[in-house]
Amino acid sequence: MYAMKLIPATKDYIWGGNTLRRVWNKHTDKDIIAESWELSCHKEGESIVANGEYVGKTLSSVLEMKPQMKGKKALDFQFFPILIKLIDAKTNLSIQVHPSDEYALKNEGQFGKSEMWYIVDAVDGGGVYCGFKEPYSIEDVEKALRENRIIELLNFIEVKKGDCIYIPAGTVHAICGGLLICEVQQNSSLTYRLYDYDRVDKFGKKRELHIDKSLKVIDPTKVCKVNEEVKVIDENRKQLASCKYFTTTEIKVDGEVEIEVDDSSFASITVVEGNGGVVVDGNLETLDLGDTCFIPAGCNYTLKGRMTIIEARV
């Protein structure tokens, strides 16, 4: 057993920048990198193992061969439950919403999506739209959408490095320009766009909106706050958010930190600041900024160096 370093899939959405290539050493032949899918078993962009016994294989194929590596909790899900991304928002993302599992499985054949944003970096005054300024009726939301003024109803939250926001399914939201984010989400690419600033893609076309579907899944009463789910575990660790699909933890390393992992779930670690190494079963792997590793269930690990880690488990 060892920490499997992962090579991410990359996406060149129109709102992305170049920070992930220029600073975070993400490789691609695309002009921009909006997202790097750091840990992904999703068919639209799979992670590849970069080291050790399984080098060159997709993570999903390794887990098909060795399902016990996922842990007992993940075996309860129809699909691998987690997808982890780094997101470089040079400009605003669309105003959007994700459906619940109940709606998505019935109508789309895949998971819905709840997600967590950890703010890796932010420009002064940067922020996100998340939820509404106050509870509204769905009729209020529909009227604002039809009149092209949905932003007037949305709650803008100014954020800074280290902040965290949990976005349950049904919450209207958007990342605004100038943010670098580590996102932990359900394993789904399902997004309904409500508003996209009337912009066009690289082919000169406006992206599709999904107003009717959105109105079926929006929670018009949702008002979000920054860091409302955060709980201090010990001097090195803070739990950022937790739901049935994932629990996320910020781990600060200054020297050495030992972490226990039982057989209930794998652990994923992503370096969002600094560098160092991780030891699993006596095997040391170096860790640089932006590296993500999959650690099999039942494998305790030790972090060494000076860095900040975002850990995710089921």
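Every number in this text was worked out from the coordinates using simple rules, so none of it is lab data. All of these numbers come straight from a predicted model, not from anything done at the bench. In this analysis, Cβ positions are derived from the backbone assuming ideal geometry, glycine residues included, and neighbour counts consider all displayed protein chains.
Other residues whose C-beta falls under 12 angstrom from the C-beta of Glu285 contribute a net charge of -1, scoring Lys and Arg +1 and Asp and Glu -1.
Please state the relative contact order of the stretch 231-313 as a whole percent: Cα pairs under 8 Å, 6+ residues apart? Before the final figure, lay out the partial values.
Working: 207 pairs, mean separation 31.7, N = 83.
Relative contact order, the stretch 231-313: 38 percent.
Just checking the listed ones, Thr270, Thr58, Thr248: in the Gaussian network model of the chain with Cα springs under 10 Å, the one fluctuating most is Thr58. For Lys231, the lysines whose Cα falls under 20 Å of its own Cα, not counting residues fewer than eight places away in the same chain, are Lys160, Lys161, Lys244, Lys252.
Give, in nm to one decimal, the length gained when the segment between Leu289 and Asp31 is fully stretched (0.36 nm per residue of separation minus the Cα-Cα distance).
Details: separation 258, 0.36 × 258 = 92.88 nm, distance 2.13 nm.
Answer, rounded to one decimal: 90.7 nm.
Each label point was placed 7 Å from the Cα along the Cα-to-Cβ direction; for Lys160 and Val232 their separation is 1.7 nm. Picking from Arg193, Arg237, Arg149, which is most flexible by a Gaussian network model of the chain using Cα springs under 10 Å? The residue with the greatest mean-square fluctuation here is Arg149.
Spacing of the modelled spin labels on Asp262 and Lys244, each 7 Å from Cα toward Cβ, amounts to 2.1 nm. Listed by chain and number, the aspartates and glutamates whose alpha-carbon sits under 19 Å from that of Lys73, ignoring those within fewer than 8 places in the same chain, are Glu64, Asp101, Glu115, Glu260, Asp262, Asp263, Glu311.
When the helix-only estimate is applied to the chain (DSSP H runs of n ≥ 4, each -39,500 (n - 2.57), divided by the residue count), what is the mean residue ellipticity at 222 nm, nearest 500 deg cm²/dmol? The partial results should precede the final answer.
Values: 5 runs with 34 residues, N = 314.
Helices in the chain give a 222 nm mean residue ellipticity of -2500 deg cm²/dmol.
Given 4 °C and 1.567 mPa s, compute D for the chain with the Stokes-Einstein relation, Rh being the Kirkwood radius over Cα pairs; round to the nearest whole µm²/s. Could the numbers behind the result be given before it?
Numbers: Rh = 19.9 Å.
Rounded, D is 65 µm²/s.
Rounded to the nearest whole Hz, the Karplus-based 3J(HN,Hα) values (6.51 cos²θ - 1.76 cosθ + 1.60, θ = phi - 60°) of the stretch 280-288 follow the sequence 10, 6, x, 9, 9, 10, 6, 10, 10, with x at glycine and proline. A Gaussian network model of the chain, with springs between Cα atoms under 10 Å, assigns the largest mean-square fluctuation among Val120, Val257, Val97 to Val257. The ranking of Glu38, Glu44, Glu285, Glu108 by Cβ neighbour count inside 10 Å, starting from the fewest, reads Glu44, Glu108, Glu285, Glu38.
Rounded to whole numbers, the Karplus 3J(HN,Hα) couplings from phi for the stretch 98-114 are 10, x, 6, 4, 4, 5, 5, 5, 6, 10, 10, x, 8, 4, x, 8, 10 Hz, using 6.51 cos²θ - 1.76 cosθ + 1.60 with θ = phi - 60°, and x at Gly and Pro.
Bridgeable lysines around Lys202 (alpha carbons under 28 Å apart, same-chain partners fewer than 8 residues away excluded): Lys11, Lys26, Lys30, Lys43, Lys85, Lys90, Lys113, Lys213.
Quick check on the exposure proxy: order Glu64, Glu152 from fewest to most C-beta atoms within 10 angstrom. It would help to have the intermediate numbers written out before the result.
Details: Glu64 11, Glu152 8.
Ordered from fewest to most neighbouring Cβ atoms within 10 Å, Glu64, Glu152 come out as Glu152, Glu64.
By the Cβ distance rule (another cysteine Cβ under 4.7 Å), the unpaired cysteines of the chain are Cys41, Cys164, Cys176, Cys182, Cys243, Cys293, Cys299.
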